[in-house]
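The values are calculated or read from the model by the stated rules, or taken from the named source; none is laboratory data. Computed from a predicted structure; not experimentally measured. Cβ coordinates were reconstructed from backbone atoms using ideal geometry, including for glycine residues, and neighbour counts include every protein chain displayed. Only protein heavy atoms, including side chains, enter the accessible area calculation; ligands, DNA and RNA are left aside. Shrake-Rupley method; radii C 1.70, N 1.55, O 1.52, S 1.80 Å.
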Amino acid sequence: MKNRLTLDLTRRGFLGTALGGAAAMAVRPAWAASKTLNVLSHKVHETVLGAGTDKDLLKDWKAAADADVTFTTFDSNPLMDRLFREASLSSTDYGVGYMVDNRPTSEIASLFEPLDAFQKEDPIEDFGDIAPGLVQGMTVDGNLIGIPVRHATQGLFYNEALLEEAGISAPPTTLEELVEQAGKLTFTSSAGTPVTGMVLASDLAVFPVMFARAYGGDFITKDFQLVPNPEAMEKGLDTLRAMFEAGSLPRSYATTRNDDMVTWIQQGRTAFTVLPFARSAQLNNPEQSKYPGKIKAIAFPGSSSLPAGTPMAAVTEAWAMVMPKNAADKKLAWSYIKEVSSKRVTNGMALNGNGPVRVSSYADPALIAKNPVAEVEAKVLADARGAFPPFPEAARAQATMLEEVQLAVIGRKPVKEAVAAIIERVKPLMPS
Amino acid sequence: MPLIAPVHVLILSVIVIPSIFVIWLSVTKSSFGQAPTWVGLENYLRVLSDPAFRSALWNTILIVVFAVHIELALGLGVALLFASGLPFRRFLMVAVLAPYAVSEVVAVVMWRFLFDPDAGPVTLALQAVGLPILDWSFEPTHAMLLIALLTIWLHLPFTFIILYAARLAIPADLYEAARIDGASAFQAFRRVTLPLLGPAIVVALLFRYIFAFRIFSEVWLLTGGGPARSTEVVAVYLYQEAFSYNAFGTAAATAWIMVVASLVLAAGYVFLLRRQVVSNAH
Amino acid sequence: MRTSRLLTGCGKAVAVFALLVWSLLPIAFIVMSSLKPGREIFAVPPSYVFTPTFEHYVSLWRRWPLFFDGLLNSTVVTMGATVLAVIASTCAGYVYSRNSTRFLNASVLFLIVVRLIPPIVVTLPLFPIVNAIGLNDTHLVLMVLYATFFVSLGTVLMKTFIDQIPRELDEAAQIDGAGRLTVLRRVIVPLATPGILAVSVFVVVFAWNEFLFAFIFTATRAKTAPLVISEMIGSIDGVDWGILFAASTVQLAPVLLFVVLMNRYLVAGLTAGATKG
């Protein structure tokens, strides 16, 4: 994106859109829409639709439906909180909300309108094309309460240039190779930067879960089984602990966040990290990264001890569009949802960096040309699933698990004890 | 008297009446999509018997006691420094007040970078002069130290303003009189400054205690309560219950326990203030 | 004599230097980072020599018009909250200063104790109430909330400052036939100006940077700047640190300006007050 100092007159003409809106209202041009749909989402959902620019993917729909769309945007966790608060009122201004798929428990699902009736009467184009796993994730107590619109699937990112410097010719194909390479990649690079082999955030269950799954285990399965394979979980944590001790995980592991991972790999402070594939563009952006074009992504490798044919189930997280039960104009809301789910808009959003939920999108030649990791992502998506299914005490269960994992990795508690503690402490939180 | 009405109307309608509802919340179990059901004192018992809460309470007390007193001493020192006459006073004043004006979120981002254990400028500078570094992402005590440092940095201007404004209001004649009587600088401080700053010091301390007890951003944004919840404070515990777990009953109970705990802690100061209040309104 | 004065002078210089470094270092880094090219901001080893660029400010203007709306809203809310808080606190502080009954003393304690309740839980019942009366997403609701959570401190502070104004002045004015309100307006307020200014600094800073209430009670029309900054940090597709630090610098500036302006009156008001003895 080039930064030219040209004046953007349409925005500069008014002192902020507030006054601009007021002025526009005063003038009342003939094309003002008669209806407004209020959408509650993260800013990224507004951006991928090209909203507010001349490449607005919904331009024709707005004209046809005689409606305007106003986005109220928040950061992810505040967004979820606000969505549930609004849905709990007696009536709300919002017609559509965006929800993450690890939140809809039975209680929360009861706040949102089941969409099966809408789908029957006014169906979405080629509904079967939308990844069934994601649709399943938004079906609670037999009701479809959300239509998937975005997914973020975790992949293993590595810095090709640093690998070359350490004399490694190819990225790892098994977890054991990854550990070995991470060890070799803990050194000071030619740029004078101290490099740590791998960096992982410690405040998301995603990462310990990936390591457990690499050995054939899991944290909580789809059917709510808690740690079905304790040995696999132990092996996963042992691996993390060993990496920490060897210095290939940073000493600040226990306070590392998501953003730190991105910054570290952009700055060449680490060679490996686990991030959603969609980050590829950002990591290779020459304005922000010291290694543009050198940060590649592959599927996170499973252990060599995994029986042949067992897929490594990477973690994926999806966003879905939901309709609060207390919304005013539900027909308009469904019309929006239907349009955003169409093939045209889905592919358009994908070109804007959105992880598409339609299987057919990955076959779109334009996307393949633009996104170098599209092919890998599609393959990984096929076997991926959420870090854990939604249930009322899920957040608490995740926090408990992370506490024990942190203790184990930084060496304050033996791994075996930590895994036993996870099982013991999370068991009473599981749905009965 | 209608003049005190605005203050009380605001407080009653915005804080007191909703608080009554919060009492109700604390004896029920509820969440989004889940109507309240009566559970009696179960929420309180659960929170009080949670070792994580007790350690959070202990951490909070530690921070409150240490950080606030150190900050008071520093604030007093800076106020006296200013009062003794400084060049470029206006610029210096703005410099001292600047940290208070910075948004906490951005300040923490910057402190995280400055104190990065591997590569932060302050860490590197400390290493260059041979001083020990703050290994805050690994050692809980170091983390608590950094949190205390950060909260002092953010709030020192608050204490400073109160003390400085009060110091400026002490008439210069009193110091003249003390000097004529042959008092040294230290004696003037003890006999003139300190007693007359008394009420201001108490006010600053009291409110600083109240705010410090609810310390949140410095902990949440710096360590998230980690490593492994070892630096968690009660406000973080409350935030998790209310926003992360959406357990409104436990959150309400935690809030009331916080009120009682901070009341006990501030009790001494409340009595002190009361005496000042009575004695000054002759 | 000379050496002791030199030492004091040196001591003061060292103290002032330490104070400056302590206060300004992190802020200097923020401002510096807003002028660094994106990939240099968190570079390791840190780069102190770089070509400054204004691209982040330009990007901020072009890509985040929401931020500037937020600044406008923040300004409106802050001004309203300050006016409301200061008026309420001064009136109440005056009453508490000049009268002392058991009831009044108890109510001061009540004011303080009430502040022990964490604001976070109060939002739980307030949200549906505010929505029901249609005040959600308005500037008014934020003004009222900020003022309320401030008046306890404000009242106590104003009481402390007004205590220092001799009662004789009140009585003199009352003998001349002034009513309570006139005494307040003509006598108290001019003399309590440093107190009022100190109090207003607190409200302004509090309201300007406040996040929790703004997040819960606003949507689009009254969205304040801290909310937009938090959106910048919480960006799913990547944080643009350059833009974030540019936004932070821009957000910091008005409050600093206010402090600079207030500074002048604070000093002037105090020298006037001191001579009155």
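Given the structure, is C:Val151 at pLDDT 90 or above, at the interface with chain B (Cβ under 8 Å from one of its Cβ atoms), part of a helix (DSSP H, G or I) and open to solvent by 20 Å² or more (accessible area, probe 1.4 Å)? So C:Val151 fails the test.
Hey, any hits in the stretch C:17-35 for a residue that's open to solvent by less than 50 Å² (accessible area, probe 1.4 Å), more than 11 Å from chain B (Cβ to nearest Cβ) and assigned to a helix (DSSP H, G or I)? No, the conditions are met nowhere in the stretch C:17-35. Could you look through the stretch A:259-303, keep only residues that are of a type in the set (Lys, Arg) and open to solvent by 30 Å² or more (accessible area, probe 1.4 Å), and pick out the one that is nearest to A:Val195 (Cα to Cα)? Here the answer is A:Lys290. Does B:Trp38 count as at pLDDT 90 or above and touching a Ser or Thr at 6+ places or on another chain (Cβ under 7 Å)? So B:Trp38 passes the test. The number of residues in the stretch A:47-82 that are within 10 Å of another protein chain (Cβ to nearest Cβ), out of contact with any Lys or Arg (no Cβ under 9 Å at 6 or more places or on another chain) and in contact (Cβ under 8 Å) with a residue 12 or more places away in the chain comes to 5.
Quick one: would you say B:Ala125 is open to solvent by 50 Å² or more (accessible area, probe 1.4 Å), away from chain A (no Cβ under 14 Å), more than 28 Å from C:Phe150 (Cα to Cα) and not in a loop (DSSP other than H, G, I, E, B)? Criteria met by B:Ala125. Selection of the stretch B:78-111 for residues being assigned to a helix (DSSP H, G or I) and more than 8 Å from chain C (Cβ to nearest Cβ) yields B:Ala79, B:Leu80, B:Phe82, B:Ala83, B:Phe91, B:Val108. Of all residue pairs spaced 6 or more apart or on separate chains, those with beta-carbon atoms under 7 Å, a first member in the stretch C:233-251 that is without any contact (Cβ under 8 Å) to a residue 24 or more places away in the chain and a second member that is not in a helix (DSSP H, G or I) are C:Ile233/C:Val239; C:Gly234/A:Asp75; C:Ile236/A:His42; C:Asp237/A:Gly353. Looking only at residues of the stretch A:224-239 that are away from chain B (no Cβ under 14 Å) and under 24 Å from the mean Cα position of the chain (by Cα), we find that the one that is surrounded by the most Cβ atoms within 10 Å (Cβ to Cβ) is A:Gly236. For A:Gly268, indicate whether it is on the phi > 0 side of the Ramachandran plot and either of a type in the set (Gly, Ala, Ser) or more than 22 Å from the chain's Cα centre (by Cα) (or both). It is true that A:Gly268 is on the phi > 0 side of the Ramachandran plot and either of a type in the set (Gly, Ala, Ser) or more than 22 Å from the chain's Cα centre (by Cα) (or both).
Answer yes if at least one residue in the stretch C:47-55 is without any contact (Cβ under 8 Å) to a residue 12 or more places away in the chain and either closer than 29 Å to A:Glu46 by Cα or in contact with a Cys (Cβ under 9 Å, 6 or more places away or on another chain) (or both), and no otherwise. There is no residue in the stretch C:47-55 that is without any contact (Cβ under 8 Å) to a residue 12 or more places away in the chain and either closer than 29 Å to A:Glu46 by Cα or in contact with a Cys (Cβ under 9 Å, 6 or more places away or on another chain) (or both). Comparison of A:Thr92, A:Thr53, A:Thr70 shows that the only residue that is crowded, with 19+ Cβ neighbours inside 10 Å and modelled with pLDDT under 95 is A:Thr92.
The conditions of being part of a loop (DSSP other than H, G, I, E, B), in contact (Cβ under 8 Å) with a residue 24 or more places away in the chain and over 21 Å from the mean Cα position of the chain (by Cα) are met by A:Ser303. Restricting attention to the stretch A:240-258 and to residues that are open to solvent by 20 Å² or more (accessible area, probe 1.4 Å) and more than 9 Å from chain B (Cβ to nearest Cβ), the residue that is farthest from A:Thr174 (Cα to Cα) turns out to be A:Asn258. Could we say that B:Ile147 is of a type in the set (A, V, I, L, M, F, W, C) and more than 10 Å from chain C (Cβ to nearest Cβ) here? The answer is yes for B:Ile147.
Looking across the stretch B:1-41, just one residue is within 14 Å of chain A (Cβ to nearest Cβ), outside any loop (DSSP other than H, G, I, E, B), surrounded by 14 or more Cβ atoms within 10 Å (Cβ to Cβ) and without any contact (Cβ under 8 Å) to a residue 40 or more places away in the chain, and that is B:Gln34.
Looking only at the stretch C:189-242, residues that are away from chain A (no Cβ under 12 Å), aliphatic (A, V, I, L, M) and not in a helix (DSSP H, G or I) come to 1 in all.
Residue-wise test of (1) within 14 Å of another protein chain (Cβ to nearest Cβ); (2) touching a helix residue (DSSP H, G or I) at 6+ places or on another chain (Cβ under 6 Å).
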site	(1), (2)
A:Asp364	no, yes
A:Val373	no, yes
A:Lys379	no, no
A:Asp383	no, no
A:Ala397	yes, yes
A:Val405	yes, yes
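Quick one: in the stretch B:112-122, of everything that is open to solvent by 10 Å² or more (accessible area, probe 1.4 Å) and facing another protein chain (nearest Cβ under 7 Å), which residue is nearest to the chain's Cα centre (by Cα)? Taking the candidates together, the pick is B:Phe113.
Could you check the stretch B:207-219 and list, in sequence order, the residues that are hydrophobic (A, V, I, L, M, F, W, C) and modelled with pLDDT under 90? Hits for the stretch B:207-219 are B:Phe207, B:Ile210, B:Phe211. Counted as qualifying within the stretch C:51-145 are the helices (runs of 4 or more DSSP H) with 2 or more residues that are in contact with an Asp or Glu (Cβ under 8 Å, 6 or more places away or on another chain) and under 26 Å from C:Thr155 (Cα atoms), namely C:65-98.
Inclusion of A:Ala161 among residues that are small (Gly, Ala, Ser) and not in a helix (DSSP H, G or I) is not warranted.
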